[in-house]
Amino acid sequence: MPAPSARSMEPTRHYPLFGGAFSASLPPGALDVSDLRPVPDNQEVFCHRLTDQSLVVELLELQAHVQGEDAARYHFEDVGGVQGARAMQVDSVQPLPLENLALRSFCQEAWVLSGKQQVAKDVTAHQALLRLPRYQTDLLLTFNDPPPDNRLSLGPENLSLPPWSLGDFEQLVTSLTLHDPNIFGPP
């Protein structure tokens, strides 16, 4: 498959992440941010081509000191702290059924959190936490959904690329597939 470019990527079930160690379905209009600026090695970041929406896939160290719903809250607060959020509010935390995940055989538990973080502007953040204790990894997927921007023109030329939805995020989360466990280091 050719290297991603700064053009819009068509949705595919096999878009490579982390050098092909993973793959996932990305929604229409996803631009690979690493084509535009440096991105840390433990992250894959995509932005919508017309909105301020973004999707982030992060490989993080397993936080074994927190379990269940508290683990999802921990990562939400940690991301908010890194981003300098002035205020954070968790709206809901729900378990994510493992049978819905392509990663179900590697995942011990999974959670979906929705909340708001006040950074430069209020942003609704939806996060999915997939816990992979076999690999000492917490896999965090984030959908940042800022309020609609008045500059977004939904004229006829942009109707073919609507803003991303929670359904698009769910497709990313459930389609995420591991191809090469060596990404986690030696067994």
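The values are calculated or read from the model by the stated rules, or taken from the named source; none is laboratory data. What you see is a predicted model, and the numbers here were worked out from it, not measured in a lab. FYI the Cβ positions are ideal-geometry reconstructions off the backbone, even for glycines, and counts take in every protein chain you see. When the accessible area is computed, the model is the full protein with side chains, heavy atoms only, and any ligands, DNA or RNA have been set aside. Shrake-Rupley method; radii C 1.70, N 1.55, O 1.52, S 1.80 Å.
Estimated from helices alone, the mean residue ellipticity of the chain at 222 nm is -4000 deg cm²/dmol (sum of -39500 (n - 2.57) over DSSP H runs with n ≥ 4, per residue).
Full extension of the chain between Ser34 and Ala120 yields a length gain of 28.8 nm, computed as 0.36 nm times the residue separation minus the alpha carbon distance. The stretch between Val82 and Arg49 holds 9.4 nm of extra length on full extension. This uses 0.36 nm per residue minus the Cα-Cα distance.
In terms of the mean number of neighbouring beta-carbon atoms within 10 Å, the peptides 24-30, 49-55 order highest first as 24-30, 49-55.
Per residue, the accessible area of the chain comes to 52 Å² when a 1.4 Å probe rolls over the protein heavy atoms. Placing unit charges on each Cβ (+1 for Lys and Arg, -1 for Asp and Glu) gives the range 60-121 a dipole about its Cα centre, and among Leu103, Val79, Leu62 the Cα reaching farthest toward its positive end belongs to Val79. Springs between Cα atoms under 10 Å define the GNM used for the chain, and in it the highest mean-square fluctuation of Phe46, Phe169, Phe18 occurs at Phe18. Here the accessible area is traced with a 1.4 Å probe on the protein chains. For the chain, carbon and sulfur cover 52 percent of it. Distance between the modelled labels on Leu60 and Ala21, one decimal in nanometres: 1.7 nm (7 Å Cα→Cβ projection). Think of each Lys and Arg Cβ as +1 and each Asp and Glu Cβ as -1; about the Cα centre, that makes the dipole of the range 8-119 roughly 240 debye. Label sites at Val90 and Arg134, each approximated as a point 7 angstrom past Cα along Cα to Cβ, lie 2.7 nm apart. Taking label points 7 Å from Cα along the Cα-to-Cβ direction, Asp180 and Asp70 give a separation of 3.7 nm.
Of the candidates Ser175, Ser105, Ser114, which one comes out as most mobile in a Gaussian network treatment of the chain with C-alpha springs shorter than 10 Å? Greatest mean-square fluctuation among the candidates belongs to Ser105.
Sorted on the mean count of surrounding Cβ atoms within 10 Å across their residues, most packed first, peptides 56-69, 118-131, 81-94 read 118-131, 56-69, 81-94. Taking Cα centre as origin and charging only the Cβ of basic (Lys, Arg, +1) and acidic (Asp, Glu, -1) residues, the dipole magnitude of the chain rounds to 160 debye. A full extension of the chain between Asp41 and Leu161 corresponds to an added length of 40.3 nm, given 0.36 nm per residue minus the alpha carbon distance.
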